[in-house]
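J.: Let me begin by handing over the structure; questions about it come next.
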Amino acid sequence: MTLPANDAFSLGLAHDQPRRSSSRARTPSLPRRSSSPKISFSPPSTSSSIIFSPQPANGMPAKRGHKRKASARNGSKQLKHNGEATIEELIEEVDARIARERKLSPSSLPDKRNTVKKQIDWEIPRKALHSSIGFFTIYLYTSKGDPQTVVIALSTALAVLVPIDILRLKYPLFERAFEKCVGIFMRDSEKKSSNGVIWYILGANTALITLPLDIAIVSILILSWADTAASTFGRLWGPLTPPLPARLFGLPLAPRKSLAGFIAASLTGAAVAAGFWTYLGPVRDNSTWSWDAGVSSTFSGGSAEGGKVFSGWAGLAVVTVCAGLVSGVAEALDLGSVDDNLSLPIIAGGCLWGLFKVLGWLGDIFS
């Protein structure tokens with residue numbers, strides 16, 4: 001029986017009769033049981049045979065395993081001559097690969113957690129809203145809007161948002177409806193706690209009520225832009241920089257904060273202070289610090305000559321450096337469950353208020 005030529009295997013029957021006859025002529029006493037076939041892997045157009053070899057190459061009786069090895073060696077020579085891979089070669093290749101894998105220790109294996117880059121959640125809608133408050137604040141200041149009107153408007157918004165937040169946390173149906181409307185501005189941690197917008201309004205209102213107007217505006221700008229810069233650059237380059245120490249100047253720092261975020265907040269706070277008191281501060285009268293007069297005597301309670309000690313470049317450099325350092329430290333502070341939208345403007349504004357008081361006092365001493 002002859003199989004078609006395009007079959008992957010063909011049995012050695014009629015057309016292999018001469019070869020089998022010669023084999024029986026050499027060893028007529030051996031049984032006709034064949035050893036394992038040698039299979040060649042070839043394209044469909046090339047036919048190959050499963051050759052049954054009744055005895056080893058040396059003509060001596062042997063065990064079945066020896067017959068298979070000898071038959072495989074003989075078949076391998078024929079297949080290598082045809083340029084085809086044999087089962088023996090494939091098995092050797094697999095064994096060698098397994099041996100190499102076993103030699104690898106667990107510590108030398110690549111850690112997918114380290115090699116796969118974690119996708120960063122940039123919180124673009126939230127940060128856009130967060131930063132836009134700063135531009136709106138500058139507009140109100142330069143257009144000479146009434147701070148009391150702003151405080152009333154923010155307090156009204158707070159009176160509406162607090163009951164809504166209570167209903168959201170108490171009723172799941174209301175929570176789902178609320179998150180469908182403004183969920184893109186919320187973090188996952190805020191979905192089971194108070195909304196960050198409430199703390200933002202509280203922080204801004206507290207600064208406007210308790211601090212001089214120019215210091216309050218700078219505090220809100222630091223909240224709006226320095227906090228956003230710290231979050232953005234901390235996520236971008238935080239893993240490449242060392243973490244902050246546990247304490248700085250005796251103050252506890254949050255372990256999740258990075259050096260990249262601290263530097264970004266410090267530079268942004270310094271730029272805000274320098275830009276505001278150089279270009280925007282003179283728009284209104286009674287500024288706490290000005291380029292020509294230095295620290296206002298009305299604010300410091302000292303003399304006008306003492307205030308001029310820290311005017312010009314000297315005073316601007318001191319204010320800029322201190323404002324930058326205060327912004328970085330205030331943003332990185334670990335205050336437990338206190339939201340930084342509340343703490344950042346209050347701490348930054350309070351430190352700037354104290355700085356101008358100290359500069360006025362030092363000006364009276366050195367004048």
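J.: From ALA204, ALA229, grab the single residue that is closer than 18 Å to ALA332 by Cβ and either touching a helix residue (DSSP H, G or I) at 6+ places or on another chain (Cβ under 9 Å) or touching a residue at least 60 places away in the same chain (Cβ under 8 Å) (or both).
T.: Details: ALA204 fails: closer than 18 Å to ALA332 by Cβ.
Being closer than 18 Å to ALA332 by Cβ and either touching a helix residue (DSSP H, G or I) at 6+ places or on another chain (Cβ under 9 Å) or touching a residue at least 60 places away in the same chain (Cβ under 8 Å) (or both) holds for just one of ALA204, ALA229, which is ALA229.
Conditions tested, residue by residue: (1) part of a helix (DSSP H, G or I); (2) over 28 Å from GLY269 (Cβ atoms); (3) open to solvent by less than 60 Å² (accessible area, probe 1.4 Å); (4) of a type in the set (Ser, Thr, Tyr).
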{"residue": "GLN119", "(1), (2), (3), (4)": "no, yes, no, no"}
{"residue": "PRO125", "(1), (2), (3), (4)": "yes, no, yes, no"}
{"residue": "HIS130", "(1), (2), (3), (4)": "yes, no, yes, no"}
{"residue": "ILE133", "(1), (2), (3), (4)": "yes, no, yes, no"}
{"residue": "LEU140", "(1), (2), (3), (4)": "yes, no, yes, no"}
{"residue": "GLY145", "(1), (2), (3), (4)": "no, no, yes, no"}
{"residue": "THR149", "(1), (2), (3), (4)": "yes, no, no, yes"}
{"residue": "ALA159", "(1), (2), (3), (4)": "yes, yes, no, no"}
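J.: Is it the case that some residue within segment 216-228 is at pLDDT 95 or above, of a type in the set (A, V, I, L, M), farther than 30 Å from LEU259 by Cβ and assigned to a helix (DSSP H, G or I)?
T.: Checked against the condition, which is being at pLDDT 95 or above, of a type in the set (A, V, I, L, M), farther than 30 Å from LEU259 by Cβ and assigned to a helix (DSSP H, G or I), segment 216-228 yields no hits at all.
J.: Looking at segment 286-367, what helices (runs of 4 or more DSSP H) fall wholly within it and have at least 2 residues that are among the hydrophobic types (A, V, I, L, M, F, W, C)?
T.: Passing ranges, in order: 312-332, 340-366.
J.: Among the candidates PHE249, PHE262, PHE185, which residue alone is open to solvent by 20 Å² or more (accessible area, probe 1.4 Å), at pLDDT below 90 and under 23 Å from GLY349 (Cβ atoms)?
T.: Criteria check complete, one pass: PHE249.
J.: Could you list all residues from segment 265-283 that are more than 26 Å from the chain's Cα centre (by Cα) and either open to solvent by less than 10 Å² (accessible area, probe 1.4 Å) or hydrophobic (A, V, I, L, M, F, W, C) (or both)?
T.: Those that are more than 26 Å from the chain's Cα centre (by Cα) and either open to solvent by less than 10 Å² (accessible area, probe 1.4 Å) or hydrophobic (A, V, I, L, M, F, W, C) (or both): ALA270, ALA271, VAL272, ALA273, ALA274, PHE276, TRP277, LEU280, GLY281, VAL283.
J.: Quick one: is VAL218 over 19 Å from the mean Cα position of the chain (by Cα), more than 29 Å from ASN286 (Cβ to Cβ) and crowded, with 19+ Cβ neighbours inside 10 Å?
T.: So VAL218 fails the test.
J.: Could you please let me know if GLY349 is at positive phi and in contact (Cβ under 8 Å) with a residue 12 or more places away in the chain? Give the steps one after another, and end with the answer.
T.: Numbers: at positive phi: no; in contact (Cβ under 8 Å) with a residue 12 or more places away in the chain: yes.
Spelling it out, it is not the case that GLY349 is at positive phi and in contact (Cβ under 8 Å) with a residue 12 or more places away in the chain.
J.: Search segment 251-269 for residues that are in a strand (DSSP E or B) and pair each with any residue that is at pLDDT 90 or above and of a type in the set (Asp, Glu) when their beta-carbon atoms are under 9 Å apart and the residues are at least 6 apart or on different chains.
T.: From segment 251-269, the pairs are LEU251/ASP334; PRO252/ASP334; LEU253/ASP334.
J.: I need the full set of residues from segment 167-194 which are assigned to a helix (DSSP H, G or I), under 19 Å from ASN341 (Cα atoms) and not aromatic (Phe, Trp, Tyr), in order please.
T.: Result: VAL182, GLY183, ILE184, ASP188, SER189, GLU190, LYS191, LYS192.
J.: Being open to solvent by less than 30 Å² (accessible area, probe 1.4 Å) and of a type outside the set (Gly, Ala, Ser) is the filter here; which residues of segment 321-332 pass it?
T.: Once the filter is applied, which keeps residues that are open to solvent by less than 30 Å² (accessible area, probe 1.4 Å) and of a type outside the set (Gly, Ala, Ser), segment 321-332 yields VAL329, GLU331.
The values are calculated or read from the model by the stated rules, or taken from the named source; none is laboratory data. Model, not experiment: these values are computed from the prediction. FYI the Cβ positions are ideal-geometry reconstructions off the backbone, even for glycines, and counts take in every protein chain you see. What goes into the accessible areas is simple: the full protein's heavy atoms, side chains included, and nothing from ligands, DNA or RNA. Shrake-Rupley method; radii C 1.70, N 1.55, O 1.52, S 1.80 Å.
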